[in-house]
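Here is the structure we will look at, set down as structure tokens.
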Amino acid sequence: MSKKQTKVLVVDDESAIREMIRFALSKSGMKVRCAANGREALEKINDKLPDIILLDWMMPKMSGPELIRRLKKNQVTSTIPIIMLTARVSEDDKVTGLNVGADDYIIKPFSPRELVARIGAVLRRSDAGDADGKITAGSITMDTQSRQVFLAGKAAHVGPTEYRLLEFFITHENRSFSRSQLLDHVWGTNVFLEERTVDVHIRRLRKILQKTDLQHYIQTVRGHGYRFAVTDAE
């Protein structure tokens, strides 16, 4: 049986970026359609639903966040995964993009390799969730639609970076990752950060999990990095 070809809709008002993405994703075996603005995107979505949408923030006629709000209000399109592509770099902008319903956020300029990896990660998370978009590991439940985290049934406040880190861990349970691998998968290959950045956010995430005695889910792999595994506390 042949593998399903991922259908991608690229929405960006810059033709050079559209063509760069089309070339990179087509080379990776994906089927790509493009739209230059939000209104054109709606027409193409109504014609044929994509598996995932890559969406620019600043566009004429309809902004990226406005298009997301319209898609989320429609039951047919509300569950389509969306990755925002934008030059807006502040934490507030990231939070705004995620809060309106984006599943991931990539800052321009980005590498084609990173984009392909992020698309795969978002689609894996989408497939891993149940019909309501929830993914569960042990006593942790993540609602990928509302982007809420529940620890032992209680809602927990989790920052955007810790959310992405936890989501990556849960969808790759029992696998060990080096710090550099985590930087690539969670922060992106075009972001140049020191590996100790991973340790800082691991500590923050463990502190959040500690409130319900779940910090042992994140295990240190000596000489390598970290692993997420649902285990009983010792």
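The values are calculated or read from the model by the stated rules, or taken from the named source; none is laboratory data. It should be emphasised that the depicted structure is a prediction, and the values quoted were computed from it without experimental measurement. Note that we place each Cβ from the backbone using ideal geometry, even for glycine, and neighbour counts take in every protein chain shown.
Observations on the structure shown:
- Flag for Asp51 being closer than 25 Å to Arg124 by Cβ and either touching a Pro at 6+ places or on another chain (Cβ under 8 Å) or crowded, with 18+ Cβ neighbours inside 10 Å (or both): yes
- Filtered residues of the range 9-52 (kept if closer than 19 Å to Asn74 by Cα and of a type in the set (A, V, I, L, M)): Leu9, Val11, Ala41, Leu42, Ile45, Leu49, Ile52
- Pair list, Cβ < 9 Å and 6+ apart or interchain, from the range 135-148 residues that are among the acidic types (Asp, Glu) to residues that are buried (at least 16 other Cβ atoms within 10 Å of the Cβ): Asp143/Gly129; Asp143/Gly133; Asp143/Lys134; Asp143/Ile135; Asp143/Val149; Asp143/Phe150
- Residues located in the range 168-224, provided they are part of a loop (DSSP other than H, G, I, E, B), of a type in the set (A, V, I, L, M) and more than 28 Å from Lys154 (Cβ to Cβ): Val191, Leu193
- Every pair of residues 6+ apart whose Cβ atoms lie under 8 Å, when the first sits in the range 70-88 and is modelled with pLDDT of 85 or more while the second is of a type in the set (Lys, Arg) and surrounded by fewer than 20 Cβ atoms within 10 Å (Cβ to Cβ): Leu85/Lys108
- Considering Lys44, Lys61, Lys27, Lys48, the condition of being in contact with a strand residue (DSSP E or B) (Cβ under 7 Å, 6 or more places away or on another chain) and over 16 Å from Val100 (Cα atoms) is satisfied by Lys44 alone.
- Residue that is farthest from Met59 (Cα to Cα), among those in the range 1-45 that are surrounded by fewer than 19 Cβ atoms within 10 Å (Cβ to Cβ) and β-branched (Val, Ile, Thr): Thr6
- Scanning the range 166-175 finds no residues that are without any contact (Cβ under 8 Å) to a residue 12 or more places away in the chain and not aliphatic (A, V, I, L, M).
- Extreme residue, surrounded by the most Cβ atoms within 10 Å (Cβ to Cβ), among residues of the range 64-87 that are of a type in the set (A, V, I, L, M, F, W, C) and more than 17 Å from Asp13 (Cβ to Cβ): Leu71
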